[in-house]
Amino acid sequence: MAEIKEWRYDRLTWLEMKSSLARQPQPVIAVPFGAVEDHGPHLPISTDNDILNTVLEETAQRSEGDLLVTPTIPFGLDEHHMDFPGTIAVDIETCLAYVSQVAISVARHGFTHILIVNGHGSNHSIADLAARKCVLATGAICASTTVNAAVDPSLVNDVLETHRKGGPGSISHAGEYETSMMLHLLPDYVQMDKAKLDVCQLKLKYFNWDYPEPSSFSWQDYWSRMSKEGICGDATVASPEFGQVLFETTVTRFLELVREFRTIPIRERVDHH
Ligand SMILES: [Zn+2]
């Protein structure tokens, strides 16, 4: 059979899937886990899924078959955003069961390296636990990660440092980062005349949301108790140029991450009883 160029997991036939499983080395399988929630008055509620889907599509297309992407799980843990019209909320237990069962299904077919790719901050712990459940259930190498710097900036820390225009707290949710990404990816859906500065989260000695200072504890309030319009950051300083640099850097480094992740060996367990 000819080399499979398709990047979408669900666009293969089951026969092509057998070829993909037999490939050496196998492709990494990405399971995107997103959200539909308010992103201020200037961005669509699809923003988390838009960033997640475009980064994964571009990375997979450049990967020459090293990355296959399942359909996105579009809804996540979002009860704390339900005061904003349009948000879709799924509870913690359902999210964990659903995401872990998707990853476990992939592993049961024989794929050995699986990444749950999270696109929404509040999914972080669930994505991590779902990956753990997959490892414990199947022995596959399954991990969680993100390609959204508002969730975790580690892929683009240096770009944020050198290119950001906003002050402390500008990056976070629907702020300088996500607005810039959307200006680059889907400019027709960004209403910059409605973009605002609202650095609404508390900054304490041991608690802080924004890059680069880590917080010593994690806490998530109801969004309507902290943010006026669903922004936590500075959307006014966003630009498509910043978005382009962020997107290119994210795709390049995520592809490196995928190829490094694939080298993790599956070692034998030892029963020391
Ligand atoms: Zn977001």
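Sorting Lys228, Lys165, Lys203 by accessible area (1.4 Å probe), largest first, what list results?
In descending accessible area the options line up as Lys228, Lys165, Lys203.
Among Cys142, Gly86, Leu68, whose Cα projects farthest towards the positive end of the dipole of region 46-147, with charges put on the beta-carbon of Lys, Arg (+1) and Asp, Glu (-1)?
Sorting the options by dipole projection puts first Cys142.
Once every DSSP H run of n ≥ 4 in the chain is given -39500 (n - 2.57) and the sum is divided by its residues, what mean residue ellipticity at 222 nm do you get, rounded to the nearest 500 deg cm²/dmol?
Counting only the DSSP helices, I get -11500 deg cm²/dmol.
What is the percent carbon and sulfur in the accessible area of the chain, measuring with a 1.4 Å probe over the protein chains and ignoring ligands?
That fraction is 54 percent.
With every protein chain present, what is the per residue accessible area of the chain (1.4 Å probe, Å²)?
Heavy-atom accessible area per residue stands at 50 Å².
Quickly rank 142-151, 209-218 as a protection proxy: mean count of other C-beta atoms within 10 Å, highest first.
Taking the mean over residues of other Cβ atoms within 10 Å, the ranking is 142-151, 209-218.
So what does the Cα-only Debye profile of the chain read at q = 0.10 Å⁻¹, as log10 I(q)/I(0), no solvent term?
Taking Cα atoms of the chain as identical point scatterers yields -0.52.
Take the chain, mark every one of the GluC sites (Glu not before Pro) that falls in a DSSP loop and has at most 10 other Cβ within 10 Å, then report the longest stretch left between them, sites excluded.
4-267
Considering Cα pairs under 8 angstrom that are at least six residues apart, work out the relative contact order of region 128-273 and quote it in whole percent.
30
Can you tell me the convex hull volume per residue for region 150-268, based on C-alpha atoms, in Å³ to the nearest whole number?
Here the figure is 142 Å³ per residue.
Write out the trypsin sites (Lys or Arg not before Pro) in region 1-59 meeting two conditions: DSSP loop, and at most 10 other Cβ atoms within 10 Å of their Cβ.
Of the trypsin sites (Lys or Arg not before Pro), the ones in loops of region 1-59 whose Cβ has at most 10 other Cβ atoms within 10 Å are Lys5.
State which entries of Lys5/Lys133; Lys165/Lys196; Lys165/Lys203 exceed 25 angstrom in Cα-Cα distance in the structure shown.
Lys5/Lys133, as the Cα separations exceed 25 Å there.
In whole angstrom, note down how far apart the Cα centers of region 214-271 and region 10-42 are.
First find each Cα centre; the distance between them is then 18 Å.
Cysteines of the chain lacking any other cysteine beta carbon under 4.7 Å?
Isolated Cys, the chain: Cys95, Cys200, Cys232.
The values are calculated or read from the model by the stated rules, or taken from the named source; none is laboratory data. The model shown is predicted, which means the values in this text are computed figures rather than measured ones. All Cβ positions, even for glycine, are placed from backbone atoms using ideal geometry, and neighbour counts span all protein chains on display. Areas reflect the complete protein model, heavy atoms only, side chains present, ligands, DNA and RNA absent. Shrake-Rupley method; radii C 1.70, N 1.55, O 1.52, S 1.80 Å.
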